[in-house]
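Participant: Sharing a structure here in structure tokens format.
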Amino acid sequence: MPVLLTVTTTARDTGPTPGPATDLGYLLHKHPERVQQFTQSFGTATVFYPEADDARCTAAVLLEIDPVRLARTRGRDSPDFSLGQYVNDRPYAASSLLGVAVADVFSTARAGRCAARQELADHPIPLEIRIPVLPCRGGPDIAHRLFEPLGWSVTALPVPLDPAFPEWGDSRYVDLTITGHLRLADALGQLHVLLPVLDEAKHYWQGTDEIDKLLRSGGDWLTTHPERELVARRYLARTTLTRAALARLAELDDGLEEGRDTGPDDVPAEVADPRRVPLAALRRDAVVRALLDVGAESVIDLGCGGGALLRALVGEHRFTRIAGVDVSSRSLEQAARVLRLESMSERQAERVTLFQGALTYEDQRLGGYDAAVLMEVVEHVDPSRLAALEHVVLGAAAPASVVVTTPNAEYNVRYEELTGMRHPDHRFEWTRAEFAAWCDRVAGAHGYTVELRGIGEPDETLGAPTQMGVFTRG
Ligand code: SAH
């Protein structure tokens, strides 16, 4: 039962990384002149290049699924496993197994690493990915809805059940081609999540770490994807996991993605049911309120991420100067899009500055604002680097006010299916006592006083889901 996927790129004549198409071999860590085989638990993946010249280069992954090995590797308590579909699949059908194999065979490329051509791995390149026979529950429309918001042009042609008998209609397969200009690592990460989503037939037992896997692979594009519910629902076949994943995605971003304006007739969710306001929105509003309370007019958002807070700050006329800084250039690009910096009037755009920087190194650009915000950032910093961040923010930049938010670890037991921390990138999560002790210590060390508040509906014994410290100097 072979399954096929091809990745094609073309020569880059202009742009930041000009070069021949055969650079694909470096990016994928697979030599264009070799045929290589990789053993998977469920079969064998072969990588080869059907074409490799300067103008156009294609790598193919051919997966041969071994039904006996597949049957042997399935978990005993696997609830929805059905070997039948693989046995009955017509030849060349792709499946979620292909997603697993591609992720494994190209794991270095998926991580965005390329010792020989790092520049290239960091930049979008022209890509065409084709899967000639892809199981796609819901038909071609689903493929459009999943890939187009990520910047792909999609051609999804239904595959007839039997070309000799058109009256039999279409099969559940499509012939999918997606073309776009993306980082290869992003494309591979998206396929890893979306192939099983299209197939909607996950083949192995899902533990609670599946949510971590989904957040890790989809963290930076799934939060703002208009079909994120569909993705989470299909990726995590079990409903309790889906609910938990959606709660955690909403934690990271409240869905105020770019371009989605609320029309005049829309009733905001919070009006319809006040308890349904996502935590991310409550947190953003609490931070804005704290900044207004301390009378800040200029604000710097440290670790601004995709710009959710910046967008709210821009909407408040009291803030005359607003800056966002993040270590991740991709977050900054997203923030620029969310803020629609390009189409802002000159006067508006002058209020806003975005720049790349690390919060653990002294940087003059961080100074000169009335207030600084660290919203859901400290828990992403390695404990050994936290003292450096404290010094940079409260010691060196030393604004009159600093607003810090962070999860309340005690509240985590309220999240269904959550066994570890709320996000796989968190280095720690503090209890209320731990956060209070930290606030007291750093406030004392740098001449601030601090006031603690909870954000979100508090649990009587566990406290509120998010905790906030408002530091004021003097
Ligand atoms: N404040 C945003 C994003 C929180 S996620 C929000 O609440 O939505 C944490 C962010 O901190 C990420 O965007 C990450 O890139 C950034 N970050 C983590 N460590 C950093 C560091 N040392 N310097 C600068 N940014 C950092």
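Read-outs throughout are calculated quantities, based only on the coordinates presented, and are distinct from any laboratory measurement. Here the structure is a predicted model, which means the values were calculated and not measured. Using ideal geometry, Cβ is built from the backbone for each residue, glycine included, and neighbour counts are taken over all protein chains shown.
Participant: Quickly work out the residue 13-to-residue 342 label distance, labels modelled 7 Å from Cα along the C-beta direction, and quote it in nm with one decimal.
Facilitator: With each label point 7 Å from Cα toward Cβ, the separation is 2.3 nm.
Participant: A follow-up question, please. Give the residue list of chymotrypsin sites (Phe, Trp or Tyr not before Pro) in region 313-383 that are DSSP loop and have at most 13 other beta-carbon atoms within 10 angstrom.
Facilitator: In loop regions of region 313-383 (DSSP not H, G, I, E or B), the sparsely surrounded chymotrypsin sites (Phe, Trp or Tyr not before Pro) are 361.
Participant: Grab the beta carbon distance between residue 349 and residue 459, set R0 = 30 Å, and tell me the FRET efficiency rounded to 0.05.
Facilitator: The pair residue 349/residue 459 has a calculated efficiency of 0.10.
Participant: Taking R0 as 51 Å, what's the FRET efficiency between residue 362 and residue 164 from their Cβ-Cβ distance, rounded to 0.05?
Facilitator: With R0 = 51 Å, the Cβ-Cβ based efficiency is 0.10.
Participant: What are the ³J(HN,Hα) couplings of region 147-156, residue after residue, when phi is run through the Karplus curve with 6.51, -1.76, 1.60 and θ = phi - 60°? Round to Hz, x for glycine and proline.
Facilitator: For region 147-156, the Karplus curve yields 8, 4, x, 8, x, 8, 8, 10, 10, 10 Hz.
Participant: Here's something else I'd like to know. I need the calculated FRET efficiency for the pair residue 318 and residue 35, taking r as the beta carbon distance and R₀ as 45 Å, to the nearest 0.05.
Facilitator: E(calc), rounded to 0.05, equals 0.10.
Participant: Still on this structure, please answer the following. Order these peptides, 333-344, 122-133, by their mean beta-carbon neighbour count within 10 angstrom, highest first.
Facilitator: Per-residue Cβ counts within 10 Å, averaged per peptide and sorted highest first, yield 122-133, 333-344.
Participant: How large is the translational diffusion coefficient of region 279-473 in µm² per second when you combine the Kirkwood radius over alpha carbon pairs with Stokes-Einstein at 10 °C and 1.306 mPa s?
Facilitator: 94
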